[in-house]
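First up is the structure itself, then whatever we jot down about it.
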Amino acid sequence: MAGANPFQSLLKEINVNGETFHYFDIASFPEYRELPYSVRVLLESAVRNCDNFQVLEKDVRGILRWKQMKGTPSSEDELEIPFKPARVILQDFTGVPAVVDFAAMRDAVLKLGGDPDRINPICPSDLVIDHSVQVDFARSEDALAKNQDLEFERNKERFTFLKWGAKAFNNMLIIPPGSGIVHQVNLEYLARVVFQDAKKDGSLRMLYPDSVVGTDSHTTMINGLGVVGWGVGGIEAEAVMLGQAISMLLPEVIGYKLVGKLSPLVTSTDLVLTITKHLRQIGVVGKFVEFFGPGVSELSIADRATISNMCPEYGATVGYFPVDKNALEYLRQTNRADEKVRVIEAYLKATDQLRDFGNAEQDPVFTQIVELDLASVVTSVSGPKRPHDRVSVSEMQQDFRECLTNKVGFKGFAVPEAELAAEGTFSWTDGKTYALKHGSVVIAAITSCTNTSNPSVMLGAGLLAKKAVEAGLKVAPYIKTSLSPGSGVVTYYLKESGVIPALEELGFNVVGYGCMTCIGNSGPLDDNVANTIEKNNLVCCGVLSGNRNFEGRIHPNTRANYLASPLLVIAYALAGTVDIDFEKQPIGARPDGSAVFLRDIWPTRQEIQAVEKQHVIPAMFRDVYEKVELGSPAWQGLNAPTGKLYPWDVASTYIKRPPFFDGMTRDLPTIGNIVNARALLNLGDSVTTDHISPAGSIARNSPAARFLSDRGLTPRDFNSYGSRRGNDDIMARGTFANIRLVNKLVPRPGPRTLHIPSGEEMDVFDCAQRYAGEGTPLIALVGKDYGSGSSRDWAAKGPYLLGIRAVIAESYERIHRSNLVGMGIVPLQYLPGQNAESLELTGQELFSIAIPANCKPHERITVSTDGGKQFEVIARFDTEVDLEYFRNGGILNYMIRKMID
């Protein structure tokens, strides 16, 4: 049972603005000043929440020993610590399943004799209905209205359900659709930096650091403002919302020192792509990265947020910038109340959490220090298939041509020599004939939170567009161009600075506010374009200002996709191809025929900053956000159900009560061995959650499409997998449905597998159903970095519904491993140096796995095959809490049993 806080003596009083607040004086610990600033936040949470039940006094002492345990690269001691974030942020794509699960948990608690009211958020949760518009309409004056009207029509049921959730559950703030991208809204509006609890019951008003976990991996973007936060699966987020601590290993902290200044011609996007490649090479998976050094002061908060946003792409848990004077000024610029900023500053000073990056005496101890001279950064893109494959623009043409002929892989398409000159032509509505070749750009999108939160690159793109229009340049009409800002503030300052007309003239109309092309919602290409690409087997390209470019994610017809700054998105759209050397070849021609080079229209950093200083002002943020919680008239007009229990509609193809708790009992289930299982899939390295979890549009020949067709829906009404995340029938059928999935059990890429022993090739879902009918348990064999990418809970829920009981991998992405445990799936890991190939596993064996009833974290257990082969694997239960969740059949089952005790 919870007890008194043993650190109560550290409670201090502070008076600011005539008001009295209290805080825990963590700076009084002798070890404190050697701790990285990110670890100080973990320490404060442990001290404040210490009750010797969920958080023990020894947990606090362990964090204080960080220098001894993690202060050098050779430190190998592992310590499990609890962490209670101050809040949770949900994106609607992952928020819908969370609210669905909460609603279903209430049903289950009631059925088992408990009080359903206990299923209620305890930790504050911000749910942003991240209006992930599909870009059906791009180049038109009313594209925004058309896309949003269509999206509201498609997703009315989903929005209605969330509106019910806002009423049914306490402590939940919902930001309605059309407001922007969750991470940008978090940065500009929701983030507190320091919580200032206003107690209605007369208890102490506490100050403590803002910290957050979110249901999208790019939650780390808020690290740029000095808020410790990272992405977790929806499953884990739900547990935090119900008051559970996150169990984590005390992290190593890599100190990333920035020195020097950026060239006037490079952008923050170029910097983040450079850092992403650098940190991937160093290896920071599972670690904290904390930025320091005098170079940090040269970066705006938006620049820092851009770097922090890409944290999942370089693999760290957080990419943290401690709060400094620039962060406080950003709060004022974004219309946070000055009296609150004064409280924030006073608290941070009192606890030695306010950073001066120019003062080396403040530098803490780091596990390891790496350095980057900002002056070394050059204009860059990343691709064609991974965000950390950075290419300098000066080498882009050569690199792309090499990719064409390289063997199939992350940097190769294996185009035969005889087909390198392939070309296809088509007629357009303007009466002209256009040609497509390898490298032709067919999608150019300024999209995603990575860059649209940053005024410097957005205004830079506008200024470049303005200069291009003045030079008489145009973008080919068949290229699908779009501009999807992360919040209304972006449109506000683009209009005020006078660049919107030029952007629209080049086809970059505002098409909506939310995650679009970056998440795969690029919408259909014109049939003439798509048919020309397919008929000639062309490697055509998408260029986007996003953070993800995994194969098959952006669009089925763009085999190569490059991440780039918004300026370069426009540049490549103007060029019409990535097969260009901007230094030697013109980007286009003026009406008089004279050549225009990219350098002729490229704005300098100083030009951009001058416009930014003039036009990005607090009044914009006030005007946009003072009414944000009210929502649009369409949102206001939604009539949501009332009541504590949701009235499930059994005919709904959007919202369905999930089967996760069917048959659940009060007593713990018996842990049993996995006997005579088949491998549903045998996969290689870097299988992402985009390969596993349903995302993007629903293919017309897929099991999900057949399910919807059987219920009378036409392809026009299929919508996307994301919009149907509240229906497990759809999501199970879309699991492993990626067209680029490479399954070694079948000869060609795609969502297919082999049923054994019949030898029949089938869709993955259909095969899983047949195995279920035969009573055959399933496992999956996979390679390195399994589950990298977005933190999608359906990447674990889907395999669970397919019947997968265990996964054997060479290594796991942090969030995905946690999600597997959260669904009761056993994550197993080959011993170092071993994999399916070295063990000569084909995936066609029968597998039996002996799971001890008293299994311990990282215990070695034995896998046997029907051929007599035996090998050991490591049970990737990293903590005792992991095991407790597994014994309960998953984290949500654990919470239900806890609620009915």
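The values are calculated or read from the model by the stated rules, or taken from the named source; none is laboratory data. Since this is a predicted model, take the numbers as computed values, not measurements. When we count neighbours, we look across all protein chains shown, and the Cβ atoms used for this are built from the backbone with ideal geometry, even at glycine. Just so you know, the surface numbers come from the protein's heavy atoms only, side chains and all, with ligands and any DNA or RNA stripped out. Shrake-Rupley method; radii C 1.70, N 1.55, O 1.52, S 1.80 Å.
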**OP:** Taking all protein chains together and a probe of 1.4 Å, list HIS816, HIS691 from the most accessible to the least accessible.
**Re:** HIS691, HIS816
**OP:** Can you tell me the relative contact order of the range 87-376? Whole percent, Cα pairs under 8 Å, sequence separation 6 or more.
**Re:** 19
Original post:
Among (1) 36.0, 125; (2) 26.6, 82; (3) 29.2, 89, which one is Rg and Dmax of the Cα atoms in Å computed from these coordinates?
Top reply: (2)
Subject >> Loop GluC sites (Glu not before Pro), the range 804-843 (other Cβ atoms within 10 Å of the site Cβ: 16 or fewer; DSSP) >> reply: GLU837, GLU840
**OP:** Determine how large the accessible area of TRP648 is when every protein chain is in place; take a 1.4 Å probe and give Å² rounded to the nearest 10.
**Re:** 60
**OP:** Sort HIS388, HIS218 by accessible area with a 1.4 Å probe, largest first.
**Re:** HIS388, HIS218
Subject >> For ALA444, residues with placed amide H under 5 Å, excluding near neighbours >> reply: LYS480, THR481, SER482, VAL543
Subject >> Percent antiparallel among DSSP beta bridges (both partners in the chain, rounded to 5) >> reply: 45
Original post:
Taking the Cα centre of each part, how many Å lie between the range 840-862 and the range 586-661?
Top reply: 47
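May I ask for the net charge around GLY523, where only other residues with Cβ less than 9 Å from the Cβ of GLY523 are counted and Lys, Arg are +1 while Asp, Glu are -1?
Within the 9 Å Cβ shell, the charges total 0.
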**OP:** Could you order LYS287, LYS340 so the one with the most accessible surface comes first? Probe is 1.4 Å.
**Re:** LYS340, LYS287
Original post:
What value, in deg cm²/dmol to 500, does the helix sum -39500 (n - 2.57) over DSSP H runs of n ≥ 4 give at 222 nm once divided by the residues of the chain?
Top reply: -9000 deg cm²/dmol
**OP:** List, in the order given, every pair from LYS407/LYS437; LYS67/LYS277; LYS407/LYS584; LYS437/LYS535; LYS277/LYS613; LYS12/LYS67 whose Cα-Cα distance in the structure shown is over 23 Å.
**Re:** LYS67/LYS277; LYS407/LYS584; LYS277/LYS613; LYS12/LYS67
**OP:** Calculate the length of the line joining the C-alpha centroid of the range 79-154 to that of the range 335-357, in whole Å.
**Re:** 31
**OP:** Give me the aspartates and glutamates in straight-line cross-link reach of LYS898: C-alpha distance below 20 Å, same-chain residues under 8 apart excluded.
**Re:** ASP51, ASP101, ASP107, ASP115, ASP117, GLU236, GLU238, ASP662, ASP667, GLU880, ASP882, GLU884
**OP:** Any of LYS167/LYS627; LYS385/LYS480; LYS411/LYS784; LYS325/LYS495; LYS467/LYS627; LYS257/LYS856 with alpha carbons more than 27 Å apart? Name them for me.
**Re:** LYS325/LYS495; LYS467/LYS627; LYS257/LYS856
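Give the carbon-plus-sulfur fraction of the accessible surface of the chain in %, rounded to a whole number; probe 1.4 Å, heavy atoms of protein chains only.
C and S fraction of accessible area: 48 percent.
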Original post:
Heavy-atom accessible area of ARG280 with all protein chains present, probe 1.4 Å, nearest 10 Å²?
Top reply: 70
Original post:
For the range 355-392, list residues with backbone N below 12 Å from a point placed 7 Å from the Cα of ILE282 toward its Cβ?
Top reply: 366-373
**OP:** May I ask you to list the aspartates and glutamates whose Cα is less than 20 Å away from that of LYS466, ignoring any residue fewer than eight positions away on the same chain?
**Re:** GLU141, GLU496, GLU504, GLU505, ASP592, ASP600, GLU607, GLU612
**OP:** Round to the nearest 0.05 the FRET efficiency obtained for GLN636 and ILE369 when R0 = 60 Å and r is the Cβ-Cβ distance.
**Re:** 0.70
**OP:** Roll a 1.4 Å probe over the protein heavy atoms and report the accessible area of LYS167 in Å², nearest 10.
**Re:** 120
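Hey, any idea what the orientation-averaged projected area of the convex hull of the range 858-901's Cα atoms comes to, in nm²?
4.0
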**OP:** Name the residues whose placed amide hydrogens come within less than 5 Å of the amide hydrogen of GLY231, ignoring near sequence neighbours (fewer than 5 apart) on the same chain.
**Re:** GLY214, THR219, THR220
**OP:** Please give the per residue accessible area of the chain, computed with a probe of 1.4 Å over protein heavy atoms only, in Å².
**Re:** 35
**OP:** Please tell me the relative contact order of the chain in percent, rounded to the nearest whole number, where contacts are Cα pairs under 8 Å and at least six residues apart.
**Re:** 13
Original post:
From the phi of every residue in the range 82-87, what ³J(HN,Hα) in whole Hz does the Karplus formula 6.51 cos²θ - 1.76 cosθ + 1.60 yield, where θ is phi - 60° and glycine or proline is x?
Top reply: x, 9, 10, x, 5, 7
Original post:
Residue by residue, what Karplus-based ³J(HN,Hα) values in Hz, rounded to whole numbers, does the range 861-877 have, using 6.51, -1.76 and 1.60 with θ = phi - 60° and x for Gly and Pro?
Top reply: 10, 9, 10, 10, 10, 5, x, x, 7, 10, 8, 8, 10, 9, 6, 7, 7
